[in-house]
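J.: Below: one structure in structure tokens.
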Amino acid sequence: MRITGTFLDEISFDIPHQNWGREEWDCDFRAMKAMGIRRVILIRAAAGNFMTFPSKTIGSRGTFHRPPEDLVEMFLDLAEKYEMEFFAPTWHSQPGNCIDWSKAQYREEIAVNRELLDELQERYGRRRAFKGWYLTHEVCSNQPGTVELFRELGSHAKKISGGKPTLISPYFAGVKAAAATLDVNAPVLTPEAHAAHWNEIFKAISGAVDIVAFQDGHVGYAELETYLAVTRNLADRYGILCWSNIESFDRDMPWRFPPIKWEKFLWKLESAEAAGITEGITFEFSHFMSPHSMYPSAARLYDQYCRWCALPARSRMFRDDF
Amino acid sequence: MRITGTFLDEISFDIPHQNWGREEWDCDFRAMKAMGIRRVILIRAAAGNFMTFPSKTIGSRGTFHRPPEDLVEMFLDLAEKYEMEFFAPTWHSQPGNCIDWSKAQYREEIAVNRELLDELQERYGRRRAFKGWYLTHEVCSNQPGTVELFRELGSHAKKISGGKPTLISPYFAGVKAAAATLDVNAPVLTPEAHAAHWNEIFKAISGAVDIVAFQDGHVGYAELETYLAVTRNLADRYGILCWSNIESFDRDMPWRFPPIKWEKFLWKLESAEAAGITEGITFEFSHFMSPHSMYPSAARLYDQYCRWCALPARSRMFRDDF
Amino acid sequence: MRITGTFLDEISFDIPHQNWGREEWDCDFRAMKAMGIRRVILIRAAAGNFMTFPSKTIGSRGTFHRPPEDLVEMFLDLAEKYEMEFFAPTWHSQPGNCIDWSKAQYREEIAVNRELLDELQERYGRRRAFKGWYLTHEVCSNQPGTVELFRELGSHAKKISGGKPTLISPYFAGVKAAAATLDVNAPVLTPEAHAAHWNEIFKAISGAVDIVAFQDGHVGYAELETYLAVTRNLADRYGILCWSNIESFDRDMPWRFPPIKWEKFLWKLESAEAAGITEGITFEFSHFMSPHSMYPSAARLYDQYCRWCALPARSRMFRDDF
């Protein structure tokens, strides 16, 4: 069980920005590579008034700043320099992190994003590192529109790109979901109820979505393995590859969010392994696991993980010259 | 459009302290100078039980700790060493950040602060770097007492100091004001309503207040230019110099406050420039833009800004020795 | 008045983890030693699903992860290397930081912790650095069960260990207690009411508890000396040694928690001294006062404290190479 991929959350809505330029990102990709990361996933094409690239599709739907740097191009350049795979994102056109899954709204989400997928393919489709698609929407259960959204966007993305793989990263409707979504009424699904919802979803999106990597932070540590095993079995049944999104930030602390405690991260790695999952991605390296993070404890998490993998990589020596 | 000044928030009520001594402040003033800052503005004379200097005026009005270092003297020393201008503050004698603008209260604010202005003039008036006054109270509209407070304190400050310029830094009653003031009922003023309020205020305080620099963080990015242009036009009409207080902290994040995303800061610089404003101050350098900040992303903001200005200044090299 | 001890909060519920290994902890113990710390107090044996050592007592009462490192053993090793005293903790078996002091619950707390004390004594009792016990429960007043809990656990700990000293660290039911306990109805006790409660408690636990060190962060700065003096006088009366737990984190900031402002820390040192207290411990060094903390302002607090003590110790030079 290894972390082989990370999200790129440079275009963020709730994670502070690190204000890196190309030079700093180059350093960070080198650190990723040294830790075994070979896949980077841009989490969303835009957030608020900010875009990752000067997109006609997005720019025509509100007031957006022209990005001082085309992040898609920059990340593709670095992915090629370090021989990594880049996954291109879609966009959450509704404000906030959740949308009202009314017919009209998910229809609009699909229409906007079909156009965005075409624009991304046209601008960047020929780049060597462009290896897959990430469908940005985060869901936890079979609400109206869920399967339509992923089936239509996944199929379209594959069709226009010669079948490049598509990835989604849902979350478990677990005991921490209410806090995470700031919705006190968020229902909790038992592993059985979770399985019922996702059996329907996987059945319907099979063929359009190739890989699923559930966020692993919304359930208790002791029950994570059960949720992951149930999910992995269902994914196998429908021919969907199952990874785990092993979150590297800590959901149990009074502020959102510091890097996670190593032992929690280790427990989640062990739970994924016990559930028969062999590959992990993380949200996300640069803030929460990087030697360059604005949070120094992220550099220590990097060291702990590298020790556990018996990798020589090591963040700069611990300061002891006082 | 350049940042030529910064607040000094060492005496803070909601920003964590960095625990710097004179040696660390000296380093930080050197970094300010290298970025083009030539003006420092002490934000308030006291906060809670803590004073920036051993003030008779303030000390007689509650229980205060005797400051281990006279910060006014220290900042004047450093301003002289680095050839900067120092603006001396007034004091918010009421608890919290907002006061009930009832007649009695603003009368008391005026009385206390006239005495404080005299004390500051007597203690520090002859210092070479002492170049102006900052009237600490933060307002957004024409409430009872607003014009009396600024007119009386501004006139008094100028009279006793041979006409040294006076500065205020109000905030826009924008969409983010409710969150900022923790007052869910804070009214939002459209640019037109804002203009109506400030036409009255500027008319009344003209001659007593020389410079206005609105905090630019309480409105949406897309509407900032409009609010700034309206304000600059009004200020011109009444002979008040209009700067912008380009906040270097991010108001959109889950915790209060990390350094701001460079692209947001850039957008605000561009908006001020488009509104015909040529000079900016920031709240504030040492926590949110400094190579020495407790928040490493502040050093990157410093680098991004210096690159944008084509300045050679650069924070220490990015760590890449892992 | 000096800081001679610190809690170890590596097993934390509300403080982010720093992800240190043995090597980093070794550096940090060296920094503690250089500052005059000669005593380390492990704050709790377990928190949530995580244990400081593979405990049969705790492990049999829920689902716990097997710790990748035995922290009790590691801290004992380092305490011996640096010639410090180690205090072993008990455990808060109820979720959260407060328990319902109903008879049943405190009886259960006592039963579990008698067993835990025996296990700790058996595993580590012969270690040279094992010099005392810390009774983990935090209380502020004479609720049902308070005296029984401390009297029974303190007596048992001393009995099985040849009379090793026992320490408690209660908190004042002051103006900041409601915010700290997240209980808006937390009653505030005046110094007189506080004295009435603690006269009863000290009378009852005298002989079972040897040392009391109140957390000093729940009252206003101006009233701290009074609360401390009242407490110290009562402790003297009942033959209990009185220290102060001088918190090194700041309770007045919008996020929980940054390192404290040096002047606040200084005021609390002065208040303890004025109350006739000569020894202090802090919660806690490694996050809030250490040159190695994830919060760079902690390194500055370390420097300020060392300057105040005229100690040569100094965190690494301030970065000025921008």
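J.: Please find, within segment C:1-33, the residue that is farthest from C:GLU83 (Cα to Cα) out of those that are more than 8 Å from every other protein chain (Cβ to nearest Cβ) and more than 17 Å from the chain's Cα centre (by Cα).
T.: Checked segment C:1-33; the qualifying residue farthest from C:GLU83 (Cα to Cα) is C:MET1.
J.: For segment B:232-246, which positions are surrounded by fewer than 22 Cβ atoms within 10 Å (Cβ to Cβ) and over 17 Å from B:ASP210 (Cβ atoms)?
T.: Across segment B:232-246, the qualifying residue is only B:ASN233.
J.: Still on this structure, please answer the following. Would you tally the residues in segment A:276-289 being buried (at least 22 other Cβ atoms within 10 Å of the Cβ) and out of contact with any Pro (no Cβ under 9 Å at 6 or more places or on another chain)?
T.: 7
J.: Can you find, within segment C:166-182, the residue that is nearest to C:THR90 (Cα to Cα) among those that are free of Cβ contacts under 8 Å to residues at least 60 places away in the same chain and assigned to a loop (DSSP other than H, G, I, E, B)?
T.: Here the answer is C:PRO170.
J.: Sticking with this structure for a sec: Open to solvent by 10 Å² or more (accessible area, probe 1.4 Å) and either more than 23 Å from B:LYS164 (Cα to Cα) or out of contact with any Gly (no Cβ under 7 Å at 6 or more places or on another chain) (or both): is that true of B:HIS92 in this structure?
T.: yes
J.: For segment B:142-154, indicate whether the set of residues that are assigned to a loop (DSSP other than H, G, I, E, B), without any contact (Cβ under 8 Å) to a residue 40 or more places away in the chain and not basic (Lys, Arg) is non-empty.
T.: The answer is no, given that none of the residues of segment B:142-154 is assigned to a loop (DSSP other than H, G, I, E, B), without any contact (Cβ under 8 Å) to a residue 40 or more places away in the chain and not basic (Lys, Arg).
J.: I've got another one for you. Among the residues of segment C:34-52 satisfying the criterion of being over 30 Å from C:ALA274 (Cβ atoms) and more than 14 Å from chain A (Cβ to nearest Cβ), which is most open to solvent (accessible area, probe 1.4 Å)?
T.: Filtering first and then ranking leaves C:ARG44.
J.: Continuing with this model, one more query. Check B:ALA229 against each of (1) of a type in the set (A, V, I, L, M); (2) buried (at least 17 other Cβ atoms within 10 Å of the Cβ); (3) within 13 Å of chain A (Cβ to nearest Cβ) and name the one condition it does not meet.
T.: With respect to (1) of a type in the set (A, V, I, L, M); (2) buried (at least 17 other Cβ atoms within 10 Å of the Cβ); (3) within 13 Å of chain A (Cβ to nearest Cβ), B:ALA229 is out only on (3).
Yes/no per residue for (1) within 23 Å of B:GLY163 (Cβ to Cβ); (2) touching a helix residue (DSSP H, G or I) at 6+ places or on another chain (Cβ under 9 Å):
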position	(1), (2)
B:ILE201	yes, yes
B:ALA204	yes, yes
B:GLY207	yes, yes
B:ALA229	no, yes
B:ASN233	no, yes
B:CYS242	yes, yes
B:ASN245	no, no
B:ARG251	no, yes
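J.: Taking the criterion of being more than 11 Å from chain C (Cβ to nearest Cβ) and either among the hydrophobic types (A, V, I, L, M, F, W, C) or over 20 Å from B:ARG128 (Cβ atoms) (or both), would at least one residue in segment B:67-74 satisfy it?
T.: yes
J.: When residues of segment A:158-187 are filtered for being closer than 16 Å to A:VAL212 by Cα and either of a type in the set (A, V, I, L, M, F, W, C) or open to solvent by less than 10 Å² (accessible area, probe 1.4 Å) (or both), how many remain?
T.: Of the residues in that region, 7 qualify.
J.: Do the conditions hold for C:LEU234, that is, is it touching a Phe, Trp or Tyr at 6+ places or on another chain (Cβ under 6 Å) and part of a helix (DSSP H, G or I)?
T.: It is true that C:LEU234 is touching a Phe, Trp or Tyr at 6+ places or on another chain (Cβ under 6 Å) and part of a helix (DSSP H, G or I).
J.: Among the residues that make up segment A:295-302, is at least one of them modelled with pLDDT of 95 or more and surrounded by fewer than 21 Cβ atoms within 10 Å (Cβ to Cβ)?
T.: no
J.: Just a yes or no: is a residue in segment A:183-194 in contact (Cβ under 8 Å) with a residue 60 or more places away in the chain and touching a helix residue (DSSP H, G or I) at 6+ places or on another chain (Cβ under 9 Å)?
T.: Yes, because at least one residue in segment A:183-194 is in contact (Cβ under 8 Å) with a residue 60 or more places away in the chain and touching a helix residue (DSSP H, G or I) at 6+ places or on another chain (Cβ under 9 Å).
J.: Return the total of residues in segment C:247-256 being closer than 17 Å to C:ALA299 by Cβ and more than 9 Å from chain B (Cβ to nearest Cβ).
T.: 2
J.: Given the conditions (1) within 19 Å of A:LEU269 (Cα to Cα); (2) part of a loop (DSSP other than H, G, I, E, B); (3) not β-branched (Val, Ile, Thr), report the number of the one that A:ALA186 does not fulfil.
T.: In the conditions (1) within 19 Å of A:LEU269 (Cα to Cα); (2) part of a loop (DSSP other than H, G, I, E, B); (3) not β-branched (Val, Ile, Thr), A:ALA186 misses (1) alone.
J.: Given (1) more than 14 Å from chain C (Cβ to nearest Cβ); (2) within 19 Å of C:PRO68 (Cβ to Cβ); (3) in contact with a Lys or Arg (Cβ under 7 Å, 6 or more places away or on another chain); (4) among the aliphatic types (A, V, I, L, M), where does A:ALA275 come up short, assuming only one miss?
T.: So the condition that A:ALA275 fails would be (2).
J.: Can you name every residue in segment A:63-104 that is at pLDDT 95 or above and among the small types (Gly, Ala, Ser)?
T.: A:ALA79, A:ALA88
J.: Go through the residues of segment B:239-246 one by one and say whether even a single one is under 20 Å from the mean Cα position of the chain (by Cα) and within 14 Å of chain A (Cβ to nearest Cβ).
T.: no
J.: Just to be sure, is C:ALA272 among the hydrophobic types (A, V, I, L, M, F, W, C), part of a helix (DSSP H, G or I) and without any contact (Cβ under 8 Å) to a residue 60 or more places away in the chain?
T.: Answer is no for this residue.
J.: Now, a different point. Given the criterion crowded, with 16+ Cβ neighbours inside 10 Å, part of a loop (DSSP other than H, G, I, E, B) and not small (Gly, Ala, Ser), identify the matching residue among C:VAL112, C:VAL139.
T.: C:VAL139
J.: Does B:LEU266 satisfy the criteria of being open to solvent by less than 20 Å² (accessible area, probe 1.4 Å), within 13 Å of chain A (Cβ to nearest Cβ) and assigned to a helix (DSSP H, G or I)?
T.: yes
J.: Do we find a residue being hydroxyl-bearing (Ser, Thr, Tyr) and open to solvent by less than 20 Å² (accessible area, probe 1.4 Å) anywhere in segment B:62-81?
T.: no
The values are calculated or read from the model by the stated rules, or taken from the named source; none is laboratory data. Computed from a predicted structure; not experimentally measured. Quick reminder, even Gly has a Cβ in these numbers, built from the backbone with ideal geometry, and neighbours come from all protein chains shown. To get the accessible areas, we keep the full protein, side chains included, count just its heavy atoms, and leave off ligands, DNA and RNA. Shrake-Rupley method; radii C 1.70, N 1.55, O 1.52, S 1.80 Å.
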